Structures are given as structure tokens and as C-alpha cells.
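One structure is given here, and the rest of the page talks about it.
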Amino acid sequence: MDKRFKPYSWSILTAAGLVVASTAFAQDIASDANDYINPDRPGIADGSNVIDGGHFQIESGIQQEERNGGHDRTRFAPTLLRLGLDENWELRAESNVYTWTKSNSSQGIVRNDGAAPASLGVKYHFMNSQGVEQPSLGAILRLFPASGSGDFQTHNVTGDFRLAADWDFAPDWSLNPNVGLARYEDSLQRLFTAGLFAMTLNYNPSKVLNFFVDTGVQSPEARHGKTAAIYDAGVAYIVGHEIQLDFSIGTGASGAAPPHPFVSAGISKRF
């Protein structure tokens, strides 16, 4: 389920984030007090809102996943690029960029790496929020051409379509559900159709701080496969107005594909 470095890379990412954040803070003093970046990361569910027309946004990070009791390790760099067209539309490009794996087997340590598949897509925002009475609604379409390299290469055109909502159901609290359908490729290059569901519960004690828990479900996870489910929790903090830093940790609840556990840290920047 996609939304899917060495240890020193985490330090590099953190240091870079702090440097950029401190610079942005100085630049954002004169910004609109209520105009804050609103990334789709780090939760499993994507938001319903688009970024303003003429703005560009990058949302990226480092994610590490463990499987088979820690014998298998995967690291990749989930990255989303967003370009606002107007108040209703944005263009999107998304990929895990590059993937590194390490497996401990009876034959010793096996390492592998390669370019990850990428998608092109759009988001359409078609209903504004009216507080408790009416959620914000949007739709997201992604298409994945055959792409990637090595063991991470895909051989078929795949894609998914999701409806996304943001519901401010109480002061400082909101729900962010996604539901959709996908046409994916499994490890044997077989196409299959899957149902998608994700839900994020957010608590915002201030405009710049967000605590969240969320879950994601894909059924099936492969052709004739089981249902895969995952859940996580984390925190995101906005520095100034244009940058968000985030950290999350989670694990699989069912299925063969989800990790046990995973940890992710990232940074989002609006231009």
C-alpha cells in the first residue's frame, strides 16, 4: 500500500529542515496571519483542498519500514509535488523516488535499490467547508505509467480515484476520510481492482500544531489476496507560514504487505 539512507540521513534531513524553517520564519512575518501551508502529508488520507493558483508546493521525507521481525528493511523518499491552477484545481506528481532494501536470509545480507514508480494526477475541490454543517469535499485522480527500475519497476498502466473530505466536527477537532477505487499491479505483474479507505483524526490545539491518528485499508492487497490495513500516529508543526515539519510512526494491522513497524519524518514547503 503506497503512500506509501543511512542513519546519518535523518540528521541531514532534520538539520536542513531547521535551516530552511528559520529562514522562512523571517520571511513570513508580514504574511496573512490566517494563511498557513496545508500539506497532504504526513497522514495516510489526503486532504480535500487544493493549493492556491500560481503556488507550487513540495512535500517530501524519509520513511523506513521493517518486515519479517526486522529481517527485511525498506527505505524510500515519499515525495509529492503540487501546482495550483486556480481555486478548484491543482496538478500533482507523486513518487517514492528511490527505494533501498536490505534482507537478512540464510544466504547472508542481500541489498537492492532502484527508482520507484511515479504518478501524475489532479485534485479537484468542489465544495467548501461550512463548519459542522458541511464538510469540504474534493476528488483525486492518479495515473501510474509503467515506470521505475530493477525489482521496483512496474509493467502496466495503473491508477486510482478517491473522494476526500475534511469535516471540522468540533472546536480543534476534524476528520479527514478518503474512499476510492484502484487498479493496481501485484508482484507477479497481474492487474487487480481494489477498494481504498483512509481516515485521519486531527487535533489542532493551535493553528500551527497538529496531532493525528489515522488508518488506511486496501482490499485486496494483491490479486486473490487478503485485506491490508495500517494505522499510525504523529505530529506536524508549521514554522512561519510556508513550512511544515512532521514525524509519524505506525504499523500494519492485517495483510502481508504492510510494515511492522514504520517511521517517517518529513518537510513540506510552499512557494
Going through segment 198-235 one residue at a time, which ones are outside any strand (DSSP E or B) and either of a type in the set (A, V, I, L, M) or under 30 Å from E185 (Cβ atoms) (or both)?
V208, P220, E221, A222, R223, H224, G225, K226, T227
Cβ pairs under 6 Å, 6+ apart, first in segment 55-73 and more than 12 Å from T251 (Cα to Cα), second among the hydroxyl-bearing types (S, T, Y) and buried (at least 16 other Cβ atoms within 10 Å of the Cβ)
E59/S268; S60/T79; G61/S264; Q63/S264; D72/S103
Would segment 236-256 turn up any residue that is of a type in the set (A, V, I, L, M), touching a strand residue (DSSP E or B) at 6+ places or on another chain (Cβ under 6 Å), part of a loop (DSSP other than H, G, I, E, B) and modelled with pLDDT under 95?
no
Could you list, in sequence order, the residues of segment 38-90 that are within 17 Å of E242 (Cβ to Cβ) and of a type in the set (V, I, T)?
V50, I51, I58
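Conditions (1) in contact with a Gly (Cβ under 9 Å, 6 or more places away or on another chain); (2) within 23 Å of A164 (Cβ to Cβ); (3) among the basic types (K, R); (4) surrounded by fewer than 20 Cβ atoms within 10 Å (Cβ to Cβ), marked per residue:
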position: S206; (1), (2), (3), (4): no, no, no, yes
position: F212; (1), (2), (3), (4): yes, yes, no, no
position: D246; (1), (2), (3), (4): yes, yes, no, no
position: A253; (1), (2), (3), (4): no, yes, no, yes
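The values are calculated or read from the model by the stated rules, or taken from the named source; none is laboratory data. Quick caveat: nothing in here was measured; it's all calculated off a predicted structure. Note that we place each Cβ from the backbone using ideal geometry, even for glycine, and neighbour counts take in every protein chain shown.
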